[in-house]
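**Q** Handing you a structure now.
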Amino acid sequence: MTRQHRRLPRILATTLMALLVLSAPSATVSAHQPWFEETDITAAAPWQIADPSVSLALYASLDPANDVDYFTFDGAEGEVVLVGLSIPAIEGQSLFAPEIALLGPGFASADLPAQIATTQADGAYQLATVTGETTLFREPFSRTDYWERQEERIALPASGRYTIVVWHAEGERGRYTLAVGDQEIPGGDRAFRTRLPGYWTPLPP
């Protein structure tokens, strides 16, 4: 058998995996650019999303109790942005159900908790919270399991700066994955696979 023939099975396996990832039905379960929360994401130091159309998976935590995380991006009027949130299948997290809202120009005013930082120019669109133990799904890119919570495609009502806010109504702690965008472009943390096991553990007491 020639060297070229020996390489064919590996090439086919790689191609099949790529097709599987690209054909996944939801941005939450498809290929994406994965990133990890390095330091606490706050209103004063939000995570900057360069392009909300590019598929990102942001692995973060609400910690300490009553933590609120902020992610910002610039959007154009009429642009449709996919926003979703899922819970990694870590022991003790099956009922963890954070809230998520999109703040920005053009949205109607909303009754948000007092600890969420807003400006007078901001309205808000709050995604419906999914509570209870939902069905697990397998994400083929990382080969890990999640409980799916919110996911919506939101049309931006005006051009300007938008902020995704994640919090828990009762101030509970836990890990979550925020998905933004649906355009599959390679990128993200190159050390993702080696760092994922450390993330895939319960938060310390």
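The values are calculated or read from the model by the stated rules, or taken from the named source; none is laboratory data. Bear in mind that the values here come from a model prediction, so they are computed numbers and not experimental data. With ideal geometry, Cβ positions are generated from the backbone for all residues, glycine too; neighbour counts draw on all protein chains shown. These area figures cover heavy atoms from the full protein model, side chains too; ligands, DNA and RNA do not enter into them. Shrake-Rupley method; radii C 1.70, N 1.55, O 1.52, S 1.80 Å.
**Q** Of all residues in segment 80-137, how many are closer than 18 Å to A158 by Cα, of a type in the set (G, A, S), modelled with pLDDT of 85 or more and open to solvent by 20 Å² or more (accessible area, probe 1.4 Å)?
**A** So the answer is 3.
**Q** Right, next: Can you confirm whether W200 is at pLDDT 95 or above and either of a type in the set (G, A, S) or at negative phi (or both)?
**A** Considered against the rule, which asks whether it is at pLDDT 95 or above and either of a type in the set (G, A, S) or at negative phi (or both), W200 comes out as no.
**Q** Turning to a different aspect of this structure: Name every residue in segment 30-42 that is more than 24 Å from F107 (Cβ to Cβ) and either in a strand (DSSP E or B) or open to solvent by 30 Å² or more (accessible area, probe 1.4 Å) (or both), in order of residue number.
**A** Listed by number, the residues that qualify are Q33, P34, W35, F36, E37, E38, T39, D40.
**Q** Oh, and also: Can you tell me which residue among A45, A60, A110 is on the phi < 0 side of the Ramachandran plot, out of contact with any His (no Cβ under 6 Å at 6 or more places or on another chain) and part of a strand (DSSP E or B)?
**A** When all the criteria are applied, what remains is A60.
**Q** Within the bounds of segment 178-193, is there any residue that is closer than 16 Å to V68 by Cα and part of a loop (DSSP other than H, G, I, E, B)?
**A** Checked against the condition, which is being closer than 16 Å to V68 by Cα and part of a loop (DSSP other than H, G, I, E, B), segment 178-193 yields no hits at all.
**Q** Given the options A97, A158, name the one that is of a type outside the set (V, I, T), assigned to a loop (DSSP other than H, G, I, E, B) and touching a Ser or Thr at 6+ places or on another chain (Cβ under 9 Å).
**A** Just a single option satisfies the conditions, and that option is A97.
**Q** Would you tally the residues in segment 152-199 being closer than 23 Å to T131 by Cβ and open to solvent by less than 70 Å² (accessible area, probe 1.4 Å)?
**A** Here the count works out to 16.
**Q** Among the residues of segment 120-155, how many are closer than 25 Å to P34 by Cβ, aliphatic (A, V, I, L, M) and not in a loop (DSSP other than H, G, I, E, B)?
**A** 2
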